[in-house]
Amino acid sequence: MKNICVIGVGYVGLTTAACFSDLGNKVVAVDISEERVANLKKAIMPIYEPGMSELVERNMQAKRLFFTTSYEEGLADAEFVFICVGTPSGVDGEADLRYVRQAAETIAKTMKHPLIIINKSTVPVGTGDWVSNIVHETQPNPIDFAVVSCPEFLREGAAISDFNNPDRTVLGSTNREAADKVAQLHLPLRAPIIVTDLRTAEMIKYASNAFLATKISFINEIARVCESLGADVKEVAAGMGYDKRIGNRFLEAGIGYGGSCFPKDVQALAHMANVHGKHPQLLTAVMEINDNQRLHVIRKLEEMIGSVEGKVIGLLGLAFKQDTDDMREAPSITVADYLHEHKATVRAYDPVAAENALKLMPYLQMSEDPYELATGCDALIVVTPWNEFKQLDMERVRDVMRQAILVDARNLYEPQAMRDLGFAYRGIGRGYDGNGEPV
Ligand code: UGA
């Protein structure tokens, strides 16, 4: 059993706190938001994440997991402190480090004994050294500490299983003893542990996210070529994926990536390259393809329906991906805003993101289920690949729509099956229909 303090209870912080406590450690999680902490004490989660509330409740009951707004309480017994605060995009795509600075300064002012400070927030390369300097400069009296970078690779919607089954643990530090102690904490996860210097660990995180985003933009570009040549991108991706050098994951063509990580991290990496006079040619293309992909979906709709003015369009799903209520950089925003600006009526259904979505797009007309959504619609667009959309009664959907037009921006359905049901159907990169038209 180790004593751990976690600063920040967003996605990464809450998962880190809950999962480390579940491994038998004592974890005190600190957040500056009184409301968040009060809610967590009552097992009310700040985010929707499958399995999280059960995990938090169980570990609170076992007296291994505590929430507080007080750094004093958080650091009282801690040997390790994880910084898991947000790093939003600032001007020019630069990561905004104000919360990391606040956390480092407060740790420095509060600590009464030696600490290992572990950075889990995604931060620009060089931030570990910067945090170290802040702590040195802010400490009223010198107390030993070490900074270790331990980037997080978990996905929203799969956070708990990703934490418990990592592909690798990356640790960066110039202090080998501290890195070894953090490695001990991760041993129960039985993943390969890579120990590097601080900057290399920070770079591994950016390079990994940028590579995954590149895979997505790559397959979206291939999808567009498939549409012109009559090939099916789903089969192309499957055929490529059997090659172990390529792998079959993150090759799903669709509406492009969103969320709080890929858009921000690719931009931040490009910014770091630019600042140092390196032209980030590939990263720039990845971002451009991603932006265009959202517009590409809108073009598909317009090709089928003509002008959207006065039409009723239903969005199946709003969250940036399935199994989350996160609306950050969600492609649905670009699509809905466009439709609204062009005087369409925009309806939507999402199993969990409706509340968050309405804050951003108050004009949305929310439905209680997919069938209510479809009723009277001129077209439906599949924006988020929620599982519950895969087995809809599509005959019923067709019958309640005003026009049976379906833009499947996540390739959930089989084009021929949809056409057989009488839908005018377009997926992403699915080749030609029987009349030589792209689907
Ligand atoms: C991503 C990474 O996958 C995690 O490893 C990383 O820890 C995390 O960012 C982070 O930096 O915190 P996340 O943003 O939760 O995780 O979601 P992903 O599952 O990676 O999906 C990102 C976006 O890409 C979503 O919009 C998703 O719909 C889209 N996507 C994903 C595709 O369009 N095609 C695919 O084949 C895969």
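The values are calculated or read from the model by the stated rules, or taken from the named source; none is laboratory data. These numbers were taken from a predicted model, which means no experiment stands behind them. Cβ sites come from the backbone with ideal geometry, for glycine too, and all protein chains shown count toward neighbours. Ligands, DNA and RNA are excluded from the accessible area calculation, which covers all protein heavy atoms including side chains. Shrake-Rupley method; radii C 1.70, N 1.55, O 1.52, S 1.80 Å.
Taking the condition of being in a helix (DSSP H, G or I) and more than 13 Å from the ligand (Cβ to nearest atom), how many residues in the stretch 200-235 meet it? Of the residues in that region, 10 qualify. For Ala191, the stated conditions hold: it is within 15 Å of the ligand (Cβ to nearest atom), open to solvent by less than 40 Å² (accessible area, probe 1.4 Å) and touching a Pro at 6+ places or on another chain (Cβ under 6 Å).
It is to be established whether one or more residues within the stretch 334-347 are buried (at least 19 other Cβ atoms within 10 Å of the Cβ) and in contact with a Cys (Cβ under 8 Å, 6 or more places away or on another chain). Yes, the stretch 334-347 has at least one match. Would you call Ala253 of a type in the set (A, V, I, L, M, F, W, C), within 26 Å of Pro415 (Cα to Cα) and free of Cβ contacts under 8 Å to residues at least 24 places away in the same chain? Here the answer is no, as Ala253 does not meet what is asked.
Given the criterion under 24 Å from the mean Cα position of the chain (by Cα), open to solvent by less than 10 Å² (accessible area, probe 1.4 Å) and not aliphatic (A, V, I, L, M), identify the matching residue among Pro351, Pro331. Let's see the steps before the verdict.
Details: Pro351 fails: open to solvent by less than 10 Å² (accessible area, probe 1.4 Å).
From the options Pro351, Pro331, the qualifying one is Pro331.
Checking each residue in the stretch 312-347 for being small (Gly, Ala, Ser) and within 22 Å of Phe250 (Cα to Cα) picks out Gly317, Ala319, Ala330, Ser332. Note on the stretch 316-325: among residues that are open to solvent by less than 10 Å² (accessible area, probe 1.4 Å) and in a loop (DSSP other than H, G, I, E, B), the one that is nearest to the ligand (Cβ to nearest atom) is Thr324. Across the stretch 154-174, the number of residues qualifying as crowded, with 17+ Cβ neighbours inside 10 Å and either farther than 27 Å from Gly258 by Cα or touching a strand residue (DSSP E or B) at 6+ places or on another chain (Cβ under 8 Å) (or both) comes to 5. Residues in the stretch 259-285 that are open to solvent by 10 Å² or more (accessible area, probe 1.4 Å), within 11 Å of the ligand (Cβ to nearest atom) and part of a loop (DSSP other than H, G, I, E, B): Ser260, Cys261. In the stretch 4-19, the residues that are farther than 13 Å from Tyr99 by Cα form Cβ pairs under 8 Å with partners that are of a type in the set (Val, Ile, Thr) and in a helix (DSSP H, G or I), at six or more places apart or across chains, as follows: Val6/Thr16; Leu14/Val56; Thr15/Ile160; Ala18/Val56; Ala18/Ile160; Cys19/Ile160.
Considering the stretch 371-387 alone, what residues qualify as being closer than 10 Å to Val400 by Cβ and not aliphatic (A, V, I, L, M)? Walk me through how you get there before you give the answer.
Kept after step one, since they are closer than 10 Å to Val400 by Cβ, are these residues of the stretch 371-387: 371-377.
Tyr371, Glu372, Thr375, Gly376, Cys377, listed by residue number.
Could you grab me the full set of residues in the stretch 292-311 that are open to solvent by 20 Å² or more (accessible area, probe 1.4 Å), more than 16 Å from the ligand (Cβ to nearest atom) and either free of Cβ contacts under 8 Å to residues at least 60 places away in the same chain or part of a strand (DSSP E or B) (or both)? Of everything in the stretch 292-311, those that are open to solvent by 20 Å² or more (accessible area, probe 1.4 Å), more than 16 Å from the ligand (Cβ to nearest atom) and either free of Cβ contacts under 8 Å to residues at least 60 places away in the same chain or part of a strand (DSSP E or B) (or both) turn out to be Arg299, Glu302, Gly306, Ser307, Glu309, Gly310. Pairs meeting the criteria (first residue in the stretch 148-174 and free of Cβ contacts under 8 Å to residues at least 40 places away in the same chain and under 26 Å from Gly126 (Cα atoms), second residue within 12 Å of the ligand (Cβ to nearest atom) and β-branched (Val, Ile, Thr), beta carbons under 7 Å, at least 6 apart or on different chains) are Val170/Ile204. Only residues that are within 26 Å of the chain's Cα centre (by Cα) and open to solvent by less than 40 Å² (accessible area, probe 1.4 Å) were counted in the stretch 125-146, giving 4. Within the stretch 236-248, the set of residues being assigned to a helix (DSSP H, G or I), near the ligand (Cβ under 10 Å from one of its atoms) and either over 25 Å from the mean Cα position of the chain (by Cα) or surrounded by fewer than 18 Cβ atoms within 10 Å (Cβ to Cβ) (or both) is empty.
From the list Arg98, Arg58, the one residue that fits, being basic (Lys, Arg) and under 28 Å from Lys205 (Cβ atoms), is Arg98.
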